[in-house]
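Please treat every number below as a calculation from the coordinates, not as lab data. Bear in mind that the values here come from a model prediction, so they are computed numbers and not experimental data. Positions of Cβ are generated from backbone atoms using ideal geometry, with glycine treated the same way; all protein chains shown enter the neighbour counts.
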Amino acid sequence: MSFRFKLVTPDRVLFEQEVEAVSLPTPDGQIEVLTHHVPLSTLLATGIIQLHEAGKEEEVAVSGGFVTVGEDGTLTVLAETAERGEELDLSVIQEAKQRAMDVMKKAVSTDDLSFAMAAAALERELSREKLALKRKHHGK
Amino acid sequence: MPASPRLIRRRLKSTRSTRKIMKAMELVAGSKMRKTTQQTLAARPFHLLLEQMRERVEQESHHAHELLRGRPGPKSGRSLLVIAASDRGLCAGFNNQLIKYSLEFLRTHETERFDLLTIGRRAEAVARRSGNELVASFPAISNAPSFARAKPIVEYIRDAFLSGRVDRIFFAYTHFKSALVQQPTIIQLLPISNEQLAKDDQTEEEQPSRTGFYSRYFKSEPESDSTMIFEPTSDAILEALLPRLVETRVYTALLESASSEHSARMMAMRSAGDAAAEMADDLTFTLNQARQSAITREISEISAGKAAIE
């Protein structure tokens, strides 16, 4: 059994295909969407989306956004950013991670806007890194 | 009497160099058009889905979010019209059409006081002369549109609305339909909910593309029985969704505008180049005629001279 899955970012449509199961990060924890999921509307957290289709598995690093399951069971994910594993470059990610950590160290108070931005960036880079490292260790 | 070959030659030379310039500008505009069009088309699905989601959540939520229904309390009695034109000309009627359309919009809403905010120098000049107050003007971002460059504009607009300086914000831009067709469009940007607007539409407006564009364009099927689950709550989702929607609306409109501008410029340059080529052909023909008649005249003079000697 499969259902329609769409993953859209502000600058592209990354996926539009039939899948069997999708696991997504939300602010309240990871959720799994299967066929005939009840209509749902929620937020997307920073993390990794896993999709399963015909025995294959694919992972995408995302950072924040919105999730809807429609009446017809279509899962639509609107993500701020989304990258497949092969699009990620580990050295670039680690550099960005370092930058974000530096900003956080320098920030005077944790109420700063720059601190919040850096914290969000760090979270995003961490999930990207996790995905990139996973790919690396799986012999690629 | 034919003009002297020297004059024609000079004219021909300038026409040819004009044509070369047109050709170069057409190519530049063409490559920019391809780039921005691709960006525009890529940005549309996200915007569309976000609007659909907003409609869906809005039905469930009774949350009176400021961005959605406007600020509670006293009204300022002012509205803001944002006009997104271009910095540079040579793009046929692109700016003129939009400005004409905007001014007409102001005329049909004469009862309201409108402030103006312009994007692009072409709109700024007109706004200064219009008699409405020009509150800010930004440079156009159509050269290399990016979200980062749209951000200051979004922030200014949001502040103007949230601080209560204006009650409503309209956005005039050129909708990109195809490389050949671009349509001036005015949408109500804020407040997002367009209940008020629907009434306005019926009473004073017939043109389909004007306000209420989104409600018509993005209408999702009416869904009567709602069993949708909202996590954590529909209000919390709206809270996150609305600011993002405003950004997306502005950014997509600016992208549409950029694509329209480059397409309009490319077509203008193409037809100017074609006209120059045609003119060059005509001039070449006239030049040959003049040259030939000069030769004929010389020959007849020579043979007349020879006949006189004999």
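Work out the FRET efficiency for B:A64 and B:Q183 from their Cβ-Cβ distance, taking R0 = 30 Å, and round it to the nearest 0.05.
FRET efficiency, B:A64 to B:Q183: 0.35.
If you take the Cα Rg of the range B:1-144 and divide it by 2.2 N^0.38 Å, with N the number of residues, what do you get?
1.59
In degrees, nearest 10, range 0 to 90: what is the angle between the Cα axis of helix B:147-162 and the longest Cα principal axis of chain B?
Long axis of B:147-162 versus the principal axis of chain B: about 50 degrees.
How would A:I93, B:I119, B:I229 line up from fewest to most surrounding beta-carbon atoms within 10 angstrom?
So the residues, fewest neighbours to most, are B:I229, A:I93, B:I119.
Among the listed pairs A:K97/A:K130; A:K6/B:K151; B:K32/B:K177; A:K6/A:K97; A:K130/B:K151; A:K97/A:K136, which have their C-alpha atoms separated by more than 21 angstrom in this model?
Too far apart for the 21 Å limit: A:K6/B:K151; A:K6/A:K97; A:K130/B:K151.
Rounded to whole Å and sorted largest first, list the principal axis extents of the Cα atoms in the protein assembly as shown.
For the protein assembly as shown, the Cα extents along the three principal axes come out at 115, 66, 51 Å.
Exposure proxy check: A:H138, B:H65 ranked by fewest other beta carbons within 10 Å?
Ordered from fewest to most neighbouring Cβ atoms within 10 Å, A:H138, B:H65 come out as A:H138, B:H65.
Provide the per-residue ³J(HN,Hα) series for the range B:254-262, in order, calculated from phi with Karplus coefficients 6.51, -1.76, 1.60 and θ = phi - 60°, each as a whole number of Hz, with x at glycine and proline positions.
Using θ = phi - 60°, the values come out as 5, 5, 4, 5, 5, 4, 5, 4, 5 Hz.
Let me check I have the definition right: for the range A:3-85, take the eigenvalues of the Cα gyration tensor, multiply each by 5, take square roots. What are those semi-axes in whole Å, largest first?
With the √(5λ) rule applied to the range A:3-85, the semi-axes are 16, 15, 12 Å.
Over the Cα atoms, compute the radius of gyration (one decimal) and Dmax (the largest Cα-Cα distance, rounded to a whole number) for chain B, in Å.
Looking at chain B, its Cα Rg and Dmax stand at 28.0, 115 Å.
Reachable aspartates and glutamates from B:K35, Cα under 20 Å, same-chain residues fewer than 8 places away excluded?
Counting by Cα, and skipping residues close in sequence, B:K35 has these aspartates and glutamates nearby: A:D11, B:E26, B:D87, B:E256, B:E261.
Nearest 0.05, what FRET efficiency do B:E55 and B:T284 give at R0 = 60 Å with Cβ-Cβ as r?
About 0.45, to the nearest 0.05.
Return the FRET efficiency for the residue pair B:E301, B:R16: r is the Cβ-Cβ distance, R0 is 41 Å, and the value is rounded to the nearest 0.05.
E between B:E301 and B:R16, to the nearest 0.05, is 0.80.
Along the Cα-to-C-beta direction of A:L90, a point sits 7 Å from the Cα; which residues of the range A:102-140 have their amide N less than 16 Å from that point?
Within reach of a label on A:L90: A:126-140.
Report the label-to-label distance for A:E123 and B:L134 in nanometres (one decimal), using points 7 Å from each Cα along the Cα→Cβ vector.
Simple spin-label model gives 4.3 nm for this pair.
What spacing in nm lies between the two simple spin-label points modelled at A:I31 and B:I309, each 7 Å away from Cα in the Cβ direction?
Label-label distance for A:I31 and B:I309, simple model: 10.8 nm.
Give the angle, between 0 and 90 degrees and rounded to the nearest 10, that separates the Cα long axis of helix A:113-137 from the longest principal axis of the Cα atoms of chain A.
Once rounded, one gets 60 degrees.
Enter the angle in degrees (range 0 to 90, nearest 10) between the Cα long axis of helix A:90-106 and the first principal axis of the Cα atoms of chain A, meaning the one along which they spread out most.
The two axes meet at around 50 degrees.
Work out how much length A:E59 to A:E16 would gain on full extension: take 0.36 nm times their residue separation and subtract the Cα-Cα distance, in nm to one decimal.
Taking A:E59 through A:E16 to full extension adds about 14.0 nm, to one decimal.
Within a 10 angstrom radius of the beta carbon, how do B:E66, B:E51, A:E32 rank from fewest other beta carbons to most?
Fewest-to-most ranking of B:E66, B:E51, A:E32: A:E32, B:E66, B:E51.
Amide H to amide H, which residues 5 or more places from B:A136 or on other chains are under 5 Å from it, using H placed in the peptide plane?
Distant-sequence amide H within range of B:A136: B:T118.
Could I have the simple spin-label model distance between B:L27 and A:H138, label points 7 Å from Cα toward Cβ, reported in nm to one decimal?
4.6 nm
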